[in-house]
Amino acid sequence: MICPLCNKKTNTLTEHVATHGFESVEAAYIAMYHDGIAPVCKCGKCNKRTKFVSWFKGFRPFVRGHNRPNYGNKQSTSVVDNRVKRKRGGWSKGKTVKDSPSLERASLNLRRTLQSKKTCLRLQRIQGINAIQAKEKVELCAPNFRVIENLTTPLDLMHLTLECKVCGNIQQKNILHALNNICNVCDPMGAKSHIELYRSVRALDPDTVISCDNIIPPDVIDIYMPSSMTAVEYNGLYFHSELFKNRLYHAEKTRNCNSLNINLLHLFEDEWRDKRDACMHHIGTITNKRKLSITETLVLKMLDREQKSIFLETYHLEGDTNTTHDIGIFLDNKIIAVTSLRKPRHREYSGMIELCRFCNISELKSSILLEIFLDFIDKNICKNEIYAVVDDRLGIRHIYEESGFIRDHVLEPRFWWTDGHQRLPRHKMCHDDHQDLDDVLVKIWGCDASVLIKRALK
């Protein structure tokens, strides 16, 4: 055998590694992995570094493909064609998950049960590791974790209950993931913006969970707050566009969460990047963590166009829009909530008035403030029926329903154009003026829109 540290031949690798100051071969591999050191490929031609496999197997002896007898020679076209035509797994007989209930059950339990047992048995067969050795190895190689459950069966190696010594979070990992010494809370996996959003939400609710995959499997919820039954989905503009997600993906995910009484909010990448304060105010609005009673003195006033525009552009996710009446609630001479009205744009709503914007940034419950607005409208503006078109991706439909609105019907999901950096509304995109952008812009779909109606008092 050849030592990966000094490239010398030795008959007993374990004793030779001890001369370098390591207790075992696994400890030497761990040190090499963290120091960024990897052995050179044994082919003797490429001088490339090999990849790390696991704490038990260490590094690969060869770079992939360099251990072939004909390495360095040009392959024939027939070999390449056969390799391309080779099938790489898939459901047998062309069946899909929806066609067969047995395949559906297997797809949900494959990683959790079947693969876990196989990995556990393979780990024991190769290394001969038992429960006691596994616990000692976790304590040695993963100093940030503490095993808080007795290991009695071989399957326990795939479901270790660990406690993070830094944050105190309790989580389950298999032994291979535990040896990585990475906590899901202290060092969560995901995009940088996704992690920033998670940490901001966790400041509001310490029980927040990231990447929760056991609520609506096989889909994953990006951020979940179990105390308020609220979830937040971070939608990147590129990977959530029509190139990767179909037009009903976000709508179906919202419906699945609503069926479990979970309120799901979708935040797009440009919203979190450009309107971070508005996003946090909106999350605070839908989590229902607001005061139930109003003891302060509130003042209702009509707003001018400039006041309304500044407030909505700053704090509302959809921004400003054309309106006819704008009402604001003042607390200590500061605007804390705004409601905007306009004439209906469709004939089917003739005789009604549309409530097109509602925004609350105070610590008061939103449904109570909306009821105050509705009383003011009924007494000072008009007594007609009021309707509102609420996008389900914003997760605020329950606020309108608590204020007396009734869901009349549902509209199909709408879409935006995106170049991967920002969203462009479809009504601002003229096809004739942007023919040169046909290969650049793609659609990104939202959720259903609910039409809610507040009946007039007779």
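Just a few scattered comments:
- Scanning segment 32-74 for residues that are of a type in the set (Lys, Arg), assigned to a loop (DSSP other than H, G, I, E, B) and modelled with pLDDT of 70 or more yields 42, 45, 48, 51, 60, 64.
- Screening 353, 335, 329 for residues that are more than 30 Å from residue 204 (Cβ to Cβ) and surrounded by 15 or more Cβ atoms within 10 Å (Cβ to Cβ) leaves exactly one candidate, 353.
- Lone unmet requirement of (1) under 30 Å from residue 445 (Cα atoms); (2) surrounded by fewer than 22 Cβ atoms within 10 Å (Cβ to Cβ) for residue 375: (1)
- Test: residue 277 is part of a helix (DSSP H, G or I) and not assigned by TED's automatic domain parsing to the domain that holds residue 402: yes
- Restricting attention to segment 276-297 and to residues that are under 20 Å from residue 374 (Cα atoms), loosely packed, with under 15 Cβ neighbours inside 10 Å and of a type outside the set (Gly, Ala, Ser), the residue that is modelled with the highest pLDDT turns out to be 297.
- When residue 252 is tested against the conditions (1) part of a helix (DSSP H, G or I); (2) without any contact (Cβ under 8 Å) to a residue 40 or more places away in the chain; (3) crowded, with 21+ Cβ neighbours inside 10 Å, the lone failure is (3).
- Residue list for segment 356-373, restricted to those being at pLDDT below 90 and in a strand (DSSP E or B): 364
- In this structure, residue 187 does not qualify as at pLDDT below 75 and buried (at least 17 other Cβ atoms within 10 Å of the Cβ).
- Against the numbered list (1) more than 30 Å from residue 441 (Cβ to Cβ); (2) touching a His at 6+ places or on another chain (Cβ under 9 Å); (3) surrounded by 21 or more Cβ atoms within 10 Å (Cβ to Cβ), residue 174 comes up short only at (3).
- Filtered residues of segment 298-317 (kept if assigned to a loop (DSSP other than H, G, I, E, B) and either surrounded by fewer than 16 Cβ atoms within 10 Å (Cβ to Cβ) or not assigned by TED's automatic domain parsing to the domain that holds residue 364 (or both)): 298, 304
Here is a yes/no grid of residues against (1) touching a helix residue (DSSP H, G or I) at 6+ places or on another chain (Cβ under 6 Å); (2) among the aliphatic types (A, V, I, L, M); (3) closer than 20 Å to residue 280 by Cβ; (4) outside any helix (DSSP H, G or I):
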site	(1), (2), (3), (4)
344	no, no, no, yes
348	no, no, no, no
351	no, no, no, yes
354	no, no, no, yes
375	no, no, no, no
379	no, no, no, no
382	no, no, no, yes
390	yes, yes, no, yes
398	no, no, yes, no
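- Cβ-Cβ distances below 9 Å connect the following pairs, each with a first residue in segment 2-31 that is modelled with pLDDT of 70 or more, a second residue that is assigned to a strand (DSSP E or B), and a separation of six or more residues or different chains: 3/9; 8/2; 9/2; 10/2; 13/2; 25/58; 28/58.
- Residue tally, condition modelled with pLDDT of 90 or more, farther than 19 Å from residue 269 by Cβ and assigned to a loop (DSSP other than H, G, I, E, B), over segment 424-458: 1
- Selection count, segment 400-423, where residues are in a strand (DSSP E or B) and surrounded by 15 or more Cβ atoms within 10 Å (Cβ to Cβ): 5
- Filter result (in contact with a strand residue (DSSP E or B) (Cβ under 9 Å, 6 or more places away or on another chain) and part of a loop (DSSP other than H, G, I, E, B)) within segment 320-337: 320, 321, 322, 323, 324, 331, 333
- Filter result (of a type in the set (A, V, I, L, M) and part of a helix (DSSP H, G or I)) within segment 189-235: 195, 197, 201, 203, 204
The values are calculated or read from the model by the stated rules, or taken from the named source; none is laboratory data. The shown structure was predicted, so the numbers you read here are calculated from the model rather than taken from an experiment. Counting neighbours? That spans all protein chains shown, and the Cβs are built from the backbone with ideal geometry, glycine included.
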